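Encoded as structure tokens, the structure appears first; notes follow it.
The values are calculated or read from the model by the stated rules, or taken from the named source; none is laboratory data. In this text the structure is predicted, and so the values were computed from the model without any measurement. Cβ placement follows ideal geometry from the backbone for every residue including glycine, while neighbour counts extend to all protein chains displayed. These area figures cover heavy atoms from the full protein model, side chains too; ligands, DNA and RNA do not enter into them. Shrake-Rupley method; radii C 1.70, N 1.55, O 1.52, S 1.80 Å.
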Amino acid sequence: MLAEPAARHGAHAVSSLPPKGDAASIAAYYAELAASSPLPLILYYFPKVAPHAFPEPEQLLDICDLPNVLGVKFTDFNFYLMPRLIKRGTLVFNGYDEALAAGLLMGAQGGIGSTYNIMPEAYLALYRAALAADWEVARHWQNQLNDVVTTLLSYPFFPALRAVM
């Protein structure tokens with residue numbers, strides 16, 4: 001398992017996309033990973049990529065309650081489910097770069113995104129505006145960032161992102 005070397009090298013948490021399989025096998029996978037990891041676990045919730053993982057919201061809520069699960073990277077536009085996780089004490093990172101402001105408005109404590117690597121200062125400005133509840137400024141930054149995301153999405157995304165980096 002890569003969690004042990006990650007811990008030795010100073011990582012604070014580990015994360016893993018769910019494997020293929022039904023909801024029960026994914027729950028078992030995350031339970032085993034959380035139990036065996038020396039570091040807290042951040043789950044991935046990304047229904048567009050892994051719709052089989054948590055077909056019912058209660059399954060995600062239950063897995064987030066496992067010991068050693070720190071939180072979830074929430075890559076979805078379900079801004080009804082996100083606050084339910086937060087109310088339960090789950091640390092939530094917004095996943096869609098193009099919806100960071102919306103995720104922060106709904107209570108996400110931060111974000112994890114691919115384009116953060118090429119525009120960190122702009123994402124920090126958005127984040128700081130959200131912390132100050134200056135939603136007009138946050139929306140401005142989100143719109144500026146989304147123009148870049150739109151351009152990247154007009155190409156095969158990850159090769160375009162690598163080229164920009």
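Here are a few things to note about the model shown:
- Matching residues, the stretch 106-121, being assigned to a loop (DSSP other than H, G, I, E, B) and surrounded by fewer than 20 Cβ atoms within 10 Å (Cβ to Cβ): MET106, GLY107, GLN109, ILE112, ILE118, MET119
Listed here are the residues, each with its yes/no results for (1) under 22 Å from GLN109 (Cα atoms); (2) open to solvent by 40 Å² or more (accessible area, probe 1.4 Å).
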| site | (1), (2) |
| --- | --- |
| ALA3 | no, no |
| ALA23 | no, no |
| ILE26 | no, no |
| PRO38 | no, yes |
| TYR44 | yes, yes |
| HIS52 | no, yes |
| LEU81 | yes, no |
| ARG84 | yes, yes |
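- Applying a threshold of 6 Å to beta carbon distances and a minimum spacing of six or more residues, or different chains, the list of pairs starting in the stretch 14-26 at a residue that is more than 13 Å from TYR44 (Cα to Cα) and ending at one that is open to solvent by 20 Å² or more (accessible area, probe 1.4 Å) and assigned to a helix (DSSP H, G or I) reads ALA23/GLN59.
- Selection status of PHE74, under 16 Å from the mean Cα position of the chain (by Cα) and surrounded by fewer than 20 Cβ atoms within 10 Å (Cβ to Cβ): no
- Cβ-Cβ distances below 8 Å connect the following pairs, each with a first residue in the stretch 62-77 that is closer than 18 Å to GLU98 by Cα, a second residue that is of a type in the set (Lys, Arg) and open to solvent by 70 Å² or more (accessible area, probe 1.4 Å), and a separation of six or more residues or different chains: THR75/LYS48; ASP76/LYS48.
- Top-ranked residue of the stretch 126-136 - restricted to ones that are within 19 Å of the chain's Cα centre (by Cα) and within 26 Å of LEU161 (Cα to Cα), ranked as most open to solvent (accessible area, probe 1.4 Å): ARG128
- Pair list, Cβ under 9 Å, 6 or more apart: the stretch 94-118 residue in contact (Cβ under 8 Å) with a residue 24 or more places away in the chain and over 18 Å from GLU136 (Cβ atoms), other residue among the acidic types (Asp, Glu) and crowded, with 16+ Cβ neighbours inside 10 Å: GLY95/ASP76; SER114/ASP97; THR115/ASP97; THR115/GLU98
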